[in-house]
Amino acid sequence: MTEENMAQFSVQCDQQQNKLAEVEKKVLLYETSSGERVFRQNTSIIVYLPEGRSTLTSSWLNGGYREDLQYIFNHQVYNSCDDSHDTDSLKGGSIPAFVSYISEQLDLDPALSTGLLTAANMDHVCISNHCHRDVEVTAIITGGVEVNGGRAGDPASYHQENGKYIFGTINTILLIGANLPPYAMVKAALTATEAKTVALQQLMAPSRYSEGIATGSGTDMIAIVADRTSPHILTDAGKHSKLGEMIGRCVIEATQKALANQSELTPQSQCDMLVRLERFGINEAHYWKKASEMEGENRKARFLTSLRTMSKNPLLVGSTTAVLHIVDEISWGLLPDKAGKRAAFTIMRGLPEALSAANVPQMSGLLREKESILDNWVRITAWLAKNGMCANT
């Protein structure tokens, strides 16, 4: 054997070993009753589709409605601290070319594949499954909203021709064990999207671009799969149908679990006044500035300790949510500003008693009609943290 042949043989052995290592890293996570198999392979989730599947996806690669795809993948893209990038930095120079490149790296035929991109860790994937009679629905979701959670109608982050993209992303893959015509698959996508929004609203996830509650992230993607070989033909995936109910339950459950895993966004983490005030740009620095202007000893560390402890008091969180909902309703035009402020002031006057404060402030000196509800809220709660010595915190 010549040196050249030896070198070629060595390269082939290395390639085979690399292939073997990749196979060993592929882990079966789930298999549906109709044969779809879900694997985690390094930084990707791959769904292998049996023959006879219809797909409806928002992917750049073979997106839209198709009847010939065999693979769906959800791939983690590593990005820098700057969350906006030029597409020129991607392999291939564009997002479609990059997704095609990823499919090749996963040893999948790009012509038979469709893919979703995210910054979420694939270790945090969540799968939820519901069945009714012989119809099975499975949601496979990764998600994070700590960077680019947004609300529909928020100010835009980029104009598309600038070639920018942002990653954060809730990606949803929905496997439906029934035969759905294309229009019903579109309805399934609508129901799944509404369910994702329900999951975010139940967690009061904040938009990062406005003072609203997030309805998703700016880069969410979805893939719907239906089984054309199934004897069960379903034409309605809306909220009134059993299929729609299963889609909703699967997506809500998997989205909330994924957000807990990826973003540590849970009911427990949200039971905090400071967390609820984040979407209005109010933080500890804002509180300390206000507190340092008030009567009492200015000891920052002591104040912040008191504020953080008080902030987690469920009674205070409950009052906070009531006041913030008043603020929201005024901004939506559902409440007159004057009436909303009077209702909010009533809640604020009751805070010392609700929190069993040892010291009670002179409300006439703290509540100021000409200032906003939020400025008054911060002033009163800062006073209580600094001087109130709340017994129930």
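When the Karplus curve 6.51 cos²θ - 1.76 cosθ + 1.60 is applied with θ = phi - 60°, which whole-Hz ³J(HN,Hα) does each residue of region 328-333 get, with x for Gly and Pro?
4, 5, 5, 5, 7, x
Quick one: divide the alpha-carbon radius of gyration of region 282-357 by 2.2 N^0.38 Å and tell me what you get.
1.26
Net charge near Gly216: determine it from the other residues with C-beta under 9 Å of the C-beta of Gly216, scoring Lys and Arg +1 and Asp and Glu -1.
Here the count lands on +1.
What does the extension gain come out to for Arg368 and Thr43, with contour length at 0.36 nm per residue minus their alpha carbon separation?
Using 0.36 nm per residue and subtracting the Cα-Cα distance, I get 111.6 nm.
Dividing the convex hull volume of the alpha carbon atoms of region 194-304 by its residue count, what do you get in Å³ per residue?
That works out to 138 Å³ per residue.
Got a number for the accessible area of Lys91? Probe 1.4 Å, square angstrom, nearest 10.
The accessible area comes out at roughly 120 Å².
If you count, for each residue, the other Cβ atoms within 10 Å and average over each peptide, how do 30-40, 51-61, 357-367, 255-265 line up from highest to lowest?
The peptides rank, most packed first, as 255-265, 51-61, 30-40, 357-367.
Please compute the net charge surrounding Gly296, taking Lys and Arg as +1 and Asp and Glu as -1 over other residues with Cβ under 11 Å from its Cβ.
0
Take the Cα coordinates of the chain, assign each an equal point scatterer, and use the Debye formula without solvent to give log10 I(q)/I(0) at q = 0.09, 0.10, 0.14 Å⁻¹.
Each listed q corresponds, in turn, to -0.66, -0.77, -1.14.
Give, in nm to one decimal, the length gained when the segment between Ser292 and Gln268 is fully stretched (0.36 nm per residue of separation minus the Cα-Cα distance).
Contour length minus Cα-Cα distance gives 5.7 nm.
Show that you can apply the helix-only estimate: for the chain, add -39,500 (n - 2.57) for every DSSP H stretch of four or more residues, divide by all residues, and state [θ] at 222 nm to the nearest 500.
Calculated mean residue ellipticity at 222 nm is -12500 deg cm²/dmol.
Tell me the net charge near Thr309. Cut-off is 12 Å between Cβ atoms, Thr309 excluded, with +1 for each Lys or Arg and -1 for each Asp or Glu.
+2
Largest first, how would Tyr78, Tyr101 line up by accessible area (1.4 Å probe)?
Tyr78, Tyr101
Using a probe radius of 1.4 Å on heavy atoms only, what accessible surface per residue do you get for the chain? Whole Å² is fine.
For the chain, the per-residue accessible area is 49 Å².
The values are calculated or read from the model by the stated rules, or taken from the named source; none is laboratory data. No experiment lies behind these values; they were computed from the predicted model shown. Here Cβ is always computed from backbone atoms with ideal geometry, including for glycine, and neighbour counts include all displayed protein chains. For accessibility, only protein heavy atoms count, side chains too; no ligands or nucleic acids. Shrake-Rupley method; radii C 1.70, N 1.55, O 1.52, S 1.80 Å.
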